[in-house]
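The values are calculated or read from the model by the stated rules, or taken from the named source; none is laboratory data. Here the structure is a predicted model, which means the values were calculated and not measured. Methodologically, a virtual Cβ is constructed for each residue, glycine included, from the backbone with ideal geometry; neighbour enumeration extends over all protein chains shown. With ligands, DNA and RNA removed, areas are computed over all heavy atoms of the protein, side chains included. Shrake-Rupley method; radii C 1.70, N 1.55, O 1.52, S 1.80 Å.
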Amino acid sequence: MTSYGDMITLLLCFFVLLYSFSIVNMEKLNKALGSINAAIHGTAGVFKEETPVQNLGEAGKTLKPSEAEGGGKNVLEGAAGFNKVGIPKEEVVAMEQLKEEIKQKVNAANMGGSISLTTSTRGLLISLTDKVLFNLGEANLRAGVLPVLSTIGKTLKGTDYVIRIEGYTCNLPISTPEYPSNWELSTARAISVLRYMIENVGFSPERLSVAGYGEYKPRFPNTSEANRALNRRVDMVVLYPTLNIQEPE
């Protein structure tokens with residue numbers, strides 16, 4: 001009987017242990033993952049909450065995929081899985097504060113309709129459409145956008161963030177001696193914004209980089225001129241400090 005009782009007790013403990021393994025405490029799991037992430041990358045932990053992503057239209061309104069002709073889905077929607085890329089909560093909070101600061105400044109200067117502000121898994125996305133920045137098929141900045149860039153640049157200059165400036169076009173082909181394809185045009189537009197930040201705002205060149213995506217990263221399907229106008233843009237991506245490990249030293 002004693003041996004039988006011991007066996008039953010061990011079986012009970014075994015099944016209780018199995019039951020405990022089947023119940024996952026997400027908070028403790030995220031803390032454990034955060035510790036592992038900190039040990040590997042030197043970050044403060046994993047942000048377990050998800051912040052909804054907003055994409056502001058040209059007039060400062062939230063733009064829904066159904067509002068874009070062609071029924072295209074905004075690629076930024078649902079991209080706020082910060083816990084998937086190991087962004088610490090404090091970095092997300094600081095980025096939201098920067099977003100609100102820029103939003104207040106451009107609205108105070110009556111320039112809020114010229115830009116859109118979005119938070120994503122990469123950081124703060126400051127987007128300007130080409131009709132605000134450039135004439136069609138050109139990469140020279142229009143005079144009317146300079147106050148907007150100056151306001152944004154001066155705000156970002158006072159931070160320590162690394163910024164990537166990205167150029168995009170629609171799918172309309174271009175073939176000129178200056179821009180043989182949309183690759184050259186998108187990159188040239190990003191460089192125009194970068195040069196303004198360095199030469200007129202006094203930005204440190206070490207904190208800036210450029211990328212040109214041509215027509216291959218559309219925000220909406222290129223099925224109408226309205227959608228193509230939204231796809232022709234320059235984005236300034238204020239990167240989370242955690243993601244700086246991906247940048248060359």
query: What nm value, rounded to one decimal, do you get for the distance between A109 and L11 when each label is placed 7 Å out toward the C-beta?
result: 7.6
- prompt: Name the chymotrypsin sites (Phe, Trp or Tyr not before Pro) in the stretch 203-249 that are in a loop by DSSP and that have at most 12 other C-beta atoms within 10 Å, would you?
  reply: Y216
- request: Assign unit charges at the C-beta atoms only (+1 for Lys and Arg, -1 for Asp and Glu), then state the dipole size of the stretch 129-243 relative to its Cα centre in Debye, rounded to the nearest 20.
  value: 280
query: Rule-of-thumb check for the stretch 138-224: C-alpha Rg over 2.2 N^0.38 Å?
result: 1.17
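May I ask which of K105/K157; K89/K157; K103/K217; K157/K217; K99/K217; K131/K217 have a Cα-Cα span longer than 21 Å here?
Those over the limit are K89/K157; K103/K217; K157/K217; K99/K217.
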statement: So for R0 = 35 Å, FRET eff. of E100-T223 from the Cβ-Cβ r, to 0.05, ends up at 0.55
query: Per residue, how much accessible area does the stretch 121-240 show when a 1.4 Å probe rolls over the protein heavy atoms, in square angstrom?
result: 42
Compactness of the stretch 101-185, expressed as Rg and Dmax over alpha-carbon positions, Å: 14.5, 42
task: Could you tell me which GluC sites (Glu not before Pro) in the stretch 133-222 are loop residues by DSSP with no more than 15 other beta carbons within 10 angstrom of their beta carbon?
output: E178
- line: Expected unfolding gain across S20-S204 under the 0.36 nm per residue rule, minus the alpha-carbon gap, is 60.9 nm
message: Using a 7 Å offset from the Cα along the Cα-to-Cβ direction at both L146 and Y4, what is the distance between the two label points in nm, to one decimal?
response: 9.6
- prompt: Which whole-Hz ³J(HN,Hα) couplings does the stretch 160-166 yield from phi under the Karplus relation 6.51 cos²θ - 1.76 cosθ + 1.60, θ = phi - 60°, glycine and proline marked x?
  reply: 10, 6, 8, 10, 10, 9, 10
